[in-house]
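Attaching a single structure in structure tokens format; questions to follow.
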Amino acid sequence: MADDNRIPVMDEADVHRAIARMAREIVERNGGTEALTLLGIHRRGTDIASLLRDEIERATGERIAYGSIDITLYRDDLMMIGPAPVVGASELPPSGIDNRNIVIVDDVLYRGRTVRAALDEITDWGRPSRILLCVLVDRGGRELPIQPDIVGREVPVMENQRVDVLVPTLDGRLGVELAFLDPESK
Amino acid sequence: MNPSLLSLGKDLVSLEHVSREQILSILDTAEPFKEISERRIKKVPVLRGKTIVNLFFEASTRTRVSFEFAEKRLSADTVNIAASGSSVVKGETLVDTARNLEAMRIDMVVMRHGSSGAARFLSERIPSSVINAGDGQHEHPTQALLDLLTIRDHLGRIEGLKVCIVGDALHSRVARSNVYALLTLGAEVAICGPPTLMPPGIADLGVTMFTRIEEAIEWADVLNVLRLQLERMHGGYVPSLREYNRIWGVTTERLEAAPKDVLVLHPGPMNRGVEIDSDVADGPHSVILNQVTNGVAIRMAVLYLLAGGQQESAEAAKQGGEV
């Protein structure tokens, strides 16, 4: 935290307020919790999805379906990067995804390539009724025609900066910070 | 951000010099691949556009089909060549066959060959990745890897386990690959079988020898029962199949006399009633069909790791993590 290379953007309370609003928006856009399924993108998207699910349960009393999706095998740059990145597990919700209203959840939306990969993977799994995109932070900089439906916060970020969403399971705390990329690594 | 795995290099020919970290990274990579085979659409696009030749100079059903499923589930384009129907019968050499395939622009060769060292020989002469699917009496790396994955699935670890390889270790490439990988991961390894079927020099690797199956079963957490390779035996290695079964066969009686539960593996194809009794093969100790299922996941993992991008652009992977 004392690292002056990092700029706090959202603290824990900010994230909780954003999650509460996003959860309401998801239920509102869906017209209730009927057929609603959250799919978190591995890894930090799954934590955000789990927070949203808890929030929706608090507000409506309904425990909605939930799964996770690892997009590694659908990346468009696999043969350009190397060595092979670690593949995570995808877990479909028991109710499946056919005829469900899917909400893809991720921590940061940037180039849009992860979401493109997730859409392809979901298409291979089945045919949902509808897919929405929900992200905690939209940092701009899209390279594909993909836009979010529900956003926690829009954060303007420079090319030499990175957005870090911190989650308790991986980072020990909840929050959003900007970090400067090492100029050597550019 | 995606951490990158250790590179396996160009080929998978042998497990003798593969590190503990590399073996664990293959096993860990196989875990998420298991789930793909349970999907309704059993296919991911990761090897789209890659061409793989399955070059089988020896008979194989399980291994060839397992590799082919693994390749197809990763969206690779595959061609199968069996020696009997190819120009090999016209006298073409291995290198000429491979160079001709190279000339048609392929990316990987999965090869089974009757000569020990054939996979290494080929890997040094062509730029494509070579995966050894069994070379003579040398090695069968993917079989050992799927054995390890199956053991880890059922017992939660490899390190510190006592694994006994039972039977025809002399003719077995499965035994050799298993010994290397198990020792690398810190298991205790033993071999049990008739002295005529013990490979010379095996004790130098730190492997315990048992000549009585009862002792081996009492000692072991895991038995990997090898097939008696009748087609490779010319001469008196064993007195008769009936006697082999009587002395070294893995039977329910013998397993029930053991002080603890023993996990039973067999690489197949089984000679039921010779090295393993039918009621053991189909019984509660057996994980033989789990091995077959895991075989596809392990081969997907190996294909994925070998097909990965170039080492020098690893920095790009770190940059590309946030997408």
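What follows is calculated from the coordinates using simple rules that are stated; it is not laboratory data. Predicted model only: the values in this text are computed from it and were never measured. Reconstructed Cβ throughout: ideal geometry from the backbone, glycine too, with neighbour counts over all protein chains shown.
Can you give me the long-range amide H partners of B:Ile191? Hydrogens built in the peptide plane at 1.01 Å from N, cutoff under 5 Å, separation of 5 or more residues or another chain.
Correct list: B:Ile165, B:Thr208, B:Met209, B:Phe210.
With no solvent and one point on each alpha carbon, what is the Debye value of log10 I(q)/I(0) for the stretch A:131-186 at q = 0.15, 0.16, 0.26 Å⁻¹?
-0.55, -0.62, -1.12
So what's Rg/Rh here for the stretch B:1-98, counting alpha carbon atoms and using the Kirkwood radius for Rh? Display every interim value, and only then the final one.
Working: Rg = 16.3 Å, Rh = 16.0 Å.
Radius of gyration relative to Kirkwood radius: 1.02.
Most exposed first by the Cβ proxy, i.e. fewest other Cβ within 10 Å, how do B:Met209, A:Met22 rank?
Numbers: B:Met209 14, A:Met22 23.
Sorted ascending by nearby Cβ count, the order is B:Met209, A:Met22.
On full extension of the chain, what length is gained from A:Asp182 through A:Met80, given 0.36 nm per residue of separation minus the C-alpha to C-alpha distance?
Values: separation 102, 0.36 × 102 = 36.72 nm, distance 2.20 nm.
Full extension of this stretch gives 34.5 nm more.
Now, a different point. Please go through the residue pairs B:Lys10/B:Lys72; B:Lys43/B:Lys162; B:Lys10/B:Lys34 and name each one whose alpha carbons sit more than 27 Å apart in this structure.
Numbers: B:Lys10/B:Lys72 21 Å; B:Lys43/B:Lys162 37 Å; B:Lys10/B:Lys34 24 Å.
Checking Cα-Cα distances, B:Lys43/B:Lys162 exceed 27 Å.
Given an 8 Å cut-off on Cα distances and at least 6 residues of separation, report the relative contact order of chain B as a percent.
On the way: 578 pairs, mean separation 65.9, N = 323.
Once divided by the residue count of chain B, the mean separation gives 20 percent.
Above 22 Å lies some portion of the pair distances; for the stretch B:8-160, what is it as a whole percent of all C-alpha pairs? Could the numbers behind the result be given before it?
Working: 5011 of 11628 pairs.
Of all Cα-Cα pairs in the stretch B:8-160, 43 percent lie more than 22 Å apart.
Here is a follow-up. Where does the charge balance sit around B:Val280 when Lys and Arg score +1, Asp and Glu -1, over other residues with C-beta under 12 Å from its C-beta? Intermediate results must be reported in sequence, preceding the final value.
Working: positive: B:Arg254, B:Arg272; negative: B:Glu253, B:Glu256, B:Glu275, B:Asp277, B:Asp279, B:Asp282.
Net charge around B:Val280: -4.
OK, next. Within chain A, what percent of beta bridges assigned by DSSP are antiparallel, to the nearest 5? Mind showing how you got there, number by number?
Values: 11 of 33 bridges.
So the antiparallel bridges amount to about 35 percent of the total.
Using only alpha carbons, build the gyration tensor for the stretch B:214-301 and give me the equivalent ellipsoid semi-axes, biggest first, whole Å. Don't skip to the answer; put the middle values down first.
On the way: eigenvalues 97, 74, 22 Å².
Values for the stretch B:214-301, descending: 22, 19, 11 Å.
What percent of all Cα-Cα pairs in the stretch B:108-166 falls into each 5 Å bin, going from 0 up to the bin containing the maximum distance?
Final binned percentages: 4, 17, 21, 18, 12, 13, 11, 4, 0.
If each Cα of chain A is one equal point scatterer, what is log10 of I(q)/I(0) from the Debye formula at q = 0.09, 0.17 Å⁻¹?
-0.32, -1.15
Over the Cα atoms, compute the radius of gyration (one decimal) and Dmax (the largest Cα-Cα distance, rounded to a whole number) for the protein assembly as shown, in Å.
26.4, 80
Further question on the same structure: Kindly give the semi-axes, whole Å and largest first, of the ellipsoid equivalent to chain B, taking each as the square root of 5 times a Cα gyration tensor eigenvalue.
Numbers: eigenvalues 227, 113, 61 Å².
Working from the Cα gyration tensor, I get semi-axes of 34, 24, 17 Å.
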